[in-house]
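Some notes on the structure that comes next.
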Amino acid sequence: MKKLFLLPVAVVVVVMVLVGCAVGPTGDIPPAYAGELNAPQKTMRPFRSDQELIKYFKELAEKQQTRERAQVADSQAAAQPSTAEKAAEAPAAPAKDGDDKNESITNTQHAGVDEGGIVKLHHNHLVVLRRGRLFTVAIGDNTLRPISAVDAFGPEVNPRNTWYDEMLVSDETIVVIGYSYERGGTEIGLFQIDDAGHIEYRSTYHLRSNDYYSSRNYASRLIGSKLIFYTPSYLYLGSPDPFQGFPAVRKWHKGAKDTEFQRIVTATRVYRPETELNGNYGVALHTVTVCDLAGGGFKCDATAVIGPPGRVFYVSPDSVYVWVNDWYRQKDQMRADSMVYRLPLDGSGPSALRVAGSPADQFSFLQSEDNYLNVLVRSDGVGEAMWGSEHAAGDVALLRVPLNTFSDGAESAPKFRYRSLPKPEGYTFQNRFVGDYLLYGSGNGWGSPKEQQRNHLYAVPWAGGDQAELELTHTVDRIEQMGRDAVVVGTAGSDLQFTAVRLGDYPEVAGSYVRKGATQGELRSHGFFYKPEDEDSGMLGLPITVPGPGYRHLFQESAAILFLRNESLHFQEAGELGARPATATNDSCRASCVDWYGNSRPLFIRGRVFALLGYEIVEGKLDDGRMRELRRVSYAPRSARVTS
């Protein structure tokens, strides 16, 4: 139940020092130096042996002991400090329709990079993960029928203090990813699904790690048959056995012991940057683990980099990026050394670059097709662990660097690589790369909607060009791609509003839609989906509920899925598919009894439209442009009712 202790209503983030962020001059990013894209690239240096790694940890521990402990203790008492001016000394298209196997029903950041979620498609079945159980519902041959329900954990696993929140499907394998505070690590459950939709438990593995949870990001990705995890492991440098906390895997069985963990990161796969780590707030192994699920297997390899614990991570089609911050005191101010690591998914050596500031979340990143990394940073970011993304603050800048300027960590991104941008007013920062533009603004997030006269959306061509400031009549709580353009969702008092943004030569506000007396029923990116019909038209779906604070979706189901048609950036309401709370049943929940990743999704599958609403799946059909309910099914435990 640890996540409940950290609900936003109980979280107080104290910013210790408010400082500016010298992240470069205002203006467009100049072109790359001649020959820069062909410059030689160095990677970070791995350790040659366990002995060399032990010696390195000992040296770090000795340096920590020489620092002023009283100042560090004072800093730790007031949450994480703000980042400081440190700079220059030192989108993805939605998944395209294809055959059934490749059809995506998840609103992912990159096409082809699936993200762990609560509902996936396996041939003719929906697979749903909810409140510690797996369910399948048949949708083939124009049916809607519950098939199978099993625990999302093994028969000998005690699910107490474990959260099962993410699921992926690869061929006939269902992977359930959770975090166990009871067993101290990432828990991976493997299940077999057959063509009839029946699920059988196969095995459970534990990956030793610290808590990876984020209010916005997802811990797992799937590219082909390769399951990809990012996990942090926080190290105690004074431990007599520094490898005790290293990433390791064990296969679970009743009575399994800690001694059965097998290290998956050897010293020769641990890399360090060519710069001094202060380690004032600890040292972490940032580990990327790749497990091959082909043929029903589970063979894992891992690569780790050493750095401070604060982090934001992003997965592109070929690499994992981890952005870290290390704080230290200089006279009476807090300063931050920041670095971004690049870990290629092909197993080649990782590289690094010294940088400034901190991104808010994974949507702050774009590895663009011109071989640049583009990152929106803020001067006072604290990473994305748990609620960190909700508290990004300070000055704003866009960093744009060629990929091959990454090296061994000794080099810094120069000042001219940062473009200073306007700082939005407001509480919760939202950002997204859409097409050729970076869009950002601020909204209410997990808090309560507020009356607001106006707000602004900033649109910046990330490859260079004039920025635009668009005035909106609502907050910026969600930014999504809609074909070649964008849609921004937010609130104005008790109303939910949608604004279409045309992203042509110069961005402009186009159509809008107001849903009276509503707010978003889901805050995570997966709650939204846009299904294009052609370049200029399509349909979007979004869970809605009655006005109230954003965190309420943890405990209450969405009231309905709202569907809007987009016709050349003009919205027309198609209608809603609503929940029936009266049909709720006692599910005798044993694990994951709070919907941390939500419980409602719009689903567009093979020309059909569904609404996942808690334990109900409702199918709708457009009739003269209006959505009408065709039928619904309850797949709740001990329940299988279909109504039409």
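FYI, it's all coordinate maths here, none of it is from the lab. Remember, predicted model here, so these are calculated numbers, not experimental data. Don't worry about glycine lacking a Cβ; one is built from the backbone with ideal geometry, like all the others, and counts go over all protein chains shown.
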Handout entry: Per-peptide average of other Cβ atoms within 10 Å, ordering 220-229, 487-496 highest first
Key = 487-496, 220-229
Exercise for the section: Find how much the distance from SER494 to GLU182 grows on full extension, using 0.36 nm per residue of separation minus their present alpha carbon separation; answer in nm with one decimal. Expected result: 108.2 nm
Problem - Pairwise FRET efficiency - THR275 versus LYS299, Cβ, R0 = 41 Å, nearest 0.05 - result: 0.75
Practice task
Can you pull the one-decimal nm distance between simple spin-label points at PHE243 and ARG160, each 7 Å off the Cα toward Cβ?
Solution key: 3.3 nm
Handout entry: Vicinal HN-Hα couplings computed from phi for the range 242-254 (Karplus, 6.51 cos²θ - 1.76 cosθ + 1.60; Hz; Gly/Pro x)
Key = x, 8, 5, x, 5, x, 8, 10, 9, 8, 6, 8, 4
Completion exercise
Placing each pseudo-label 7 Å from Cα in the direction of the beta carbon, THR268 and ASP370 end up separated by a distance in nanometres of 4.0 nm
Handout entry: the range 172-189-the range 242-269 distance, computed between alpha-carbon centres (Å)
Key = 15 Å
Problem - Set LYS58/LYS257; LYS226/LYS251; LYS42/LYS415; LYS423/LYS450 screened for pairs whose C-alpha atoms are more than 23 Å apart - result: LYS58/LYS257
Practice task
With label points built 7 Å along Cα→Cβ from the Cα atoms of GLU535 and ILE605, find their separation and express it in nm.
Solution key: 3.2 nm
Handout entry: Residues whose placed amide H lies under 5 Å from that of HIS122, excluding near-sequence neighbours
Key = VAL127
